[in-house]
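Read the structure below first, then the notes.
The values are calculated or read from the model by the stated rules, or taken from the named source; none is laboratory data. Computed from a predicted structure; not experimentally measured. Every residue, glycine as well, gets a Cβ built from its backbone with ideal geometry; the counts of neighbours run over all protein chains shown. Heavy atoms of the whole protein, side chains included, go into the accessibility calculation; ligands, DNA and RNA do not. Shrake-Rupley method; radii C 1.70, N 1.55, O 1.52, S 1.80 Å.
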Amino acid sequence: MEITNVMEYEAIARQKLPKMVFDYYASGAEDQWTLKDNREAFSRILFRPRILIDVSRIDMTTTVLGFKLSMPIMIAPTAMQKMAHPEGEYATARAASAAGTIMTLSSWATSSVEEVASTGPGIRFFQLYVYKDRHVVAQLVRRAERAGFKAIALTVDTPRLGRREADIKNRFTLPPFLTLKNFEGLDLGKMDKADDSGLASYVAGQIDRTLSWKDVKWLQTITTMPILVKGVLTAEDTRLAIQSGAAGIIVSNHGARQLDYVPATISALEEVVKAAQGRVPVFLDGGVRRGTDVFKALALGASGIFIGRPVVFSLAAEGEAGVRKVLQMLRDEFELTMALSGCTSLKEITRNHIVTEADRNRPVPRL
């Protein structure tokens, strides 16, 4: 079967993966309202394309924290990728590197920072969960830095794990042949079976619920890597993140896996961009499945986007080749969207190229 878009990988992954694993990747929190809206909110934004512009040459290159990328499409951290495919994070790292973009490695990866670094050159960020034992955190951050990782994506929306009912039903746990590789040597790499979600129990036992803005400052004392604050949805927190020294912000609702009924990330984006006032770059993850989605995010002020689920679904379907294909399809669609909107470079993508629901509800001034 010829795969023509990123969404088609989900059905293949559903067939290939054990139910517990597919449900873990696919599901959101509680009613999964935000999970649905992360996608649907994109469909409520329409284009205002400009015509008769020479689009014979299109430049999608960009820089993120000073690193030159082939496109503003990057890979979000997703945990335990070896559940999807034996190559797991290795395959994802190689695919990102081949596409000239950034891979973010999850704290809860089934491959360590050193192992991922060994796959060859590439620009890699490290997603961090802050454990109660700060020595563990400091050690991990130093290891990531030594392994050549370039930035920390600090996840701030998970003082406790969201209620993911599929995981509770399935009594989700990490398969016995896998470990959370970054924590293996610290005896924190295994997940015990629990009466509900094994991951929820693990988080309750290990993750620091006291995490606060002062810890963003503390992190800056133990590493020279820039810190991206991942999980911001409001103007208030945007200003606090910048005050705390964040180098960038990722507008994220954790793939709709934490608090249900928060806005879709594309709906929260503009508020965050306005509050940031250009002082730091703002990125978006959540619900991106088309090149048109990428364009809409950039038109609303994002400096780039991250994809999560399309990576694990394509990894499950076709391994490294699947992840490469997802990145290529999104790239091709994004390039086409730029051409048909009359934009030849990223800086030409403006707020005037789209119309949102809010715009449509405003009274139109009479001429």
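Residue-wise test of (1) open to solvent by less than 50 Å² (accessible area, probe 1.4 Å); (2) under 20 Å from Ala26 (Cα atoms); (3) touching a helix residue (DSSP H, G or I) at 6+ places or on another chain (Cβ under 7 Å).
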site: Thr158; (1), (2), (3): yes, yes, yes
site: Arg163; (1), (2), (3): no, yes, no
site: Asn170; (1), (2), (3): yes, yes, yes
site: Lys181; (1), (2), (3): no, no, yes
site: Asp192; (1), (2), (3): no, no, yes
site: Asp196; (1), (2), (3): no, yes, yes
site: Val203; (1), (2), (3): yes, yes, no
site: Trp213; (1), (2), (3): no, no, yes
site: Trp218; (1), (2), (3): no, no, no
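Is there any pair linking a residue in segment 10-21 that is within 18 Å of Lys325 (Cα to Cα) to one that is open to solvent by 100 Å² or more (accessible area, probe 1.4 Å) and aromatic (Phe, Trp, Tyr), with Cβ under 7 Å and at least six apart or on different chains, and which?
none
In this structure, does Thr238 turn out to be touching a Leu at 6+ places or on another chain (Cβ under 6 Å) and surrounded by 23 or more Cβ atoms within 10 Å (Cβ to Cβ)?
no
If I go through segment 115-139 residue by residue, how many of them are closer than 18 Å to Val229 by Cβ and not aromatic (Phe, Trp, Tyr)?
Residues in segment 115-139 being closer than 18 Å to Val229 by Cβ and not aromatic (Phe, Trp, Tyr): 4 in total.
Would you check which residues across segment 93-127 are of a type in the set (D, E, K, R) and in contact with a Leu (Cβ under 9 Å, 6 or more places away or on another chain) and list them? Walk me through it before giving the result.
Just the residues of segment 93-127 that are of a type in the set (D, E, K, R), to begin with: 94, 114-115, 124.
Matches in segment 93-127: Arg124 only.
Which ones in segment 247-284 are open to solvent by less than 30 Å² (accessible area, probe 1.4 Å) and more than 17 Å from the chain's Cα centre (by Cα)?
Asp260, Ala275, Ala276, Val280
Can you tell me how many residues in segment 293-312 are open to solvent by less than 10 Å² (accessible area, probe 1.4 Å) and part of a helix (DSSP H, G or I)?
8
Take segment 1-28 and flag every residue that is part of a helix (DSSP H, G or I), among the hydrophobic types (A, V, I, L, M, F, W, C) and surrounded by 14 or more Cβ atoms within 10 Å (Cβ to Cβ).
As a first pass, look at segment 1-28 and keep what is part of a helix (DSSP H, G or I): 8-16, 19-26.
Subset that is among the hydrophobic types (A, V, I, L, M, F, W, C): 11-13, 20-22, 26.
Those that are part of a helix (DSSP H, G or I), among the hydrophobic types (A, V, I, L, M, F, W, C) and surrounded by 14 or more Cβ atoms within 10 Å (Cβ to Cβ): Ile12, Ala13, Met20, Val21, Phe22, Ala26.
When you check Ser345 against the structure, is it surrounded by 20 or more Cβ atoms within 10 Å (Cβ to Cβ), polar (S, T, N, Q) and modelled with pLDDT of 95 or more, yes or no?
no
If Pro363 passes every condition in (1) outside any helix (DSSP H, G or I); (2) touching a Gly at 6+ places or on another chain (Cβ under 9 Å); (3) open to solvent by 20 Å² or more (accessible area, probe 1.4 Å) but one, which one does it miss?
Pro363 satisfies all of (1) outside any helix (DSSP H, G or I); (2) touching a Gly at 6+ places or on another chain (Cβ under 9 Å); (3) open to solvent by 20 Å² or more (accessible area, probe 1.4 Å) except (2).
Under 6 Å between Cβ atoms, which residue pairs at least 6 apart in sequence (or on different chains) link something in segment 163-177 that is closer than 19 Å to Asp260 by Cβ with a partner that is part of a loop (DSSP other than H, G, I, E, B) and acidic (Asp, Glu)?
Every condition considered, the pairs that remain are Arg163/Glu30; Ile168/Asp196.
Just one of (1) of a type in the set (Phe, Trp, Tyr); (2) open to solvent by 70 Å² or more (accessible area, probe 1.4 Å); (3) over 24 Å from Arg257 (Cβ atoms) trips up Trp33, so point out which.
Among (1) of a type in the set (Phe, Trp, Tyr); (2) open to solvent by 70 Å² or more (accessible area, probe 1.4 Å); (3) over 24 Å from Arg257 (Cβ atoms), the lone unmet condition for Trp33 is (3).
Just to be sure I understand the filter: pairs with C-beta atoms under 9 Å, separated by 6 or more residues or on different chains, first member in segment 308-322 and closer than 12 Å to Tyr24 by Cβ, second member polar (S, T, N, Q). Which pairs pass?
Here the result reads Arg309/Thr78; Val312/Thr78; Val312/Gln81; Val312/Thr92, each pair linking segment 308-322 to a residue that is polar (S, T, N, Q).
If Arg39 satisfies all but one of (1) farther than 25 Å from Asp157 by Cα; (2) in contact (Cβ under 8 Å) with a residue 60 or more places away in the chain, what's the number of the condition it fails?
Every listed condition holds for Arg39 apart from (1).
Counting just the residues of segment 129-156 that are open to solvent by 20 Å² or more (accessible area, probe 1.4 Å) and of a type in the set (A, V, I, L, M, F, W, C), which one comes out nearest to Tyr90 (Cα to Cα)?
Out of the qualifying residues, it is Ala147.
For segment 129-151, state whether one or more residues are in contact (Cβ under 8 Å) with a residue 12 or more places away in the chain, farther than 30 Å from Ile58 by Cβ, in a loop (DSSP other than H, G, I, E, B) and within 16 Å of the chain's Cα centre (by Cα).
yes
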